[in-house]
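Shown next, in structure tokens, is the structure this report addresses.
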Amino acid sequence: QVQLVESGGGLVRPGGSLRLSCTASGSIFRFNNMGWYRQAPGTQRELVATITRVGSTNYADSVKDRFTISRDNVKNTVYLQMNSLEPEDTAVYYCNGREQFKTYWGQGTQVTVSS
């Protein structure tokens, strides 16, 4: 059973930056793609960004040009660099790893953007 552990969340002022990390307990090559999702109170979980095994990326329109997803295959870690943060980015951020027949989720990390 693979575990995904997120870290790096916290409180930041508008315009600030955070980098989230998602470390897998095994090789991330097992996943066809990995991604970050977020869920604000009272809303559905939404996609933020994904990255495939070969490094192709996809972003939600709301975070394009502000967020960057990347992966380190040696450290079995996926990152989400978040710049120019806005109050609307406040949410619990979840890491996701998709195999052909199974999807794994991390426990989530809180990001709060507030002055």
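The values are calculated or read from the model by the stated rules, or taken from the named source; none is laboratory data. Since the structure is predicted, the reported quantities are computational estimates derived from the model, not experimental observations. As a convention, Cβ positions derive from the backbone with ideal geometry for all residues, glycine included, and neighbour counts pool all protein chains shown. Note: accessible area is taken over every heavy atom of the protein model, side chains too, but ligands, DNA and RNA are not part of it. Shrake-Rupley method; radii C 1.70, N 1.55, O 1.52, S 1.80 Å.
Looking only at segment 80-115, which residues are in a loop (DSSP other than H, G, I, E, B), over 20 Å from GLY26 (Cα atoms) and open to solvent by 40 Å² or more (accessible area, probe 1.4 Å)? Talk me through it step by step, then tell me what you get.
Here is the first cut: in segment 80-115, the ones in a loop (DSSP other than H, G, I, E, B) are 83-86, 90, 99-102, 106-108, 114-115.
In the following step, the residues that additionally are over 20 Å from GLY26 (Cα atoms) were identified as 83-86, 90, 114-115.
ASN83, SER84, GLU86, SER114, SER115 - these are the residues of segment 80-115 that are in a loop (DSSP other than H, G, I, E, B), over 20 Å from GLY26 (Cα atoms) and open to solvent by 40 Å² or more (accessible area, probe 1.4 Å).
For segment 66-76, which residues satisfy the criterion of being surrounded by 15 or more Cβ atoms within 10 Å (Cβ to Cβ) and either in a strand (DSSP E or B) or of a type outside the set (S, T, N, Q) (or both)? Let's see the steps before the verdict.
We begin by selecting, within segment 66-76, every residue surrounded by 15 or more Cβ atoms within 10 Å (Cβ to Cβ); these are 66-69, 71, 76.
Of everything in segment 66-76, those that are surrounded by 15 or more Cβ atoms within 10 Å (Cβ to Cβ) and either in a strand (DSSP E or B) or of a type outside the set (S, T, N, Q) (or both) turn out to be ARG66, PHE67, THR68, ILE69, ARG71.
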| message | Take VAL63 and tell me if it is outside any strand (DSSP E or B), open to solvent by less than 20 Å² (accessible area, probe 1.4 Å) and modelled with pLDDT of 95 or more. | response | yes
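Give ARG38, ARG19 a once-over and let me know the one that is in a strand (DSSP E or B) and either more than 19 Å from GLN81 (Cα to Cα) or out of contact with any helix residue (DSSP H, G or I) (no Cβ under 9 Å at 6 or more places or on another chain) (or both).
Details: ARG38 fails: either more than 19 Å from GLN81 (Cα to Cα) or out of contact with any helix residue (DSSP H, G or I) (no Cβ under 9 Å at 6 or more places or on another chain) (or both).
So the residue among ARG38, ARG19 that is in a strand (DSSP E or B) and either more than 19 Å from GLN81 (Cα to Cα) or out of contact with any helix residue (DSSP H, G or I) (no Cβ under 9 Å at 6 or more places or on another chain) (or both) is ARG19.
Looking at ARG19, ARG53, which one is among the basic types (Lys, Arg), out of contact with any Leu (no Cβ under 6 Å at 6 or more places or on another chain) and over 21 Å from PHE101 (Cα atoms)? It would help to see each step written out before you state the result.
Details: ARG53 fails: over 21 Å from PHE101 (Cα atoms).
When all the criteria are applied, what remains is ARG19.
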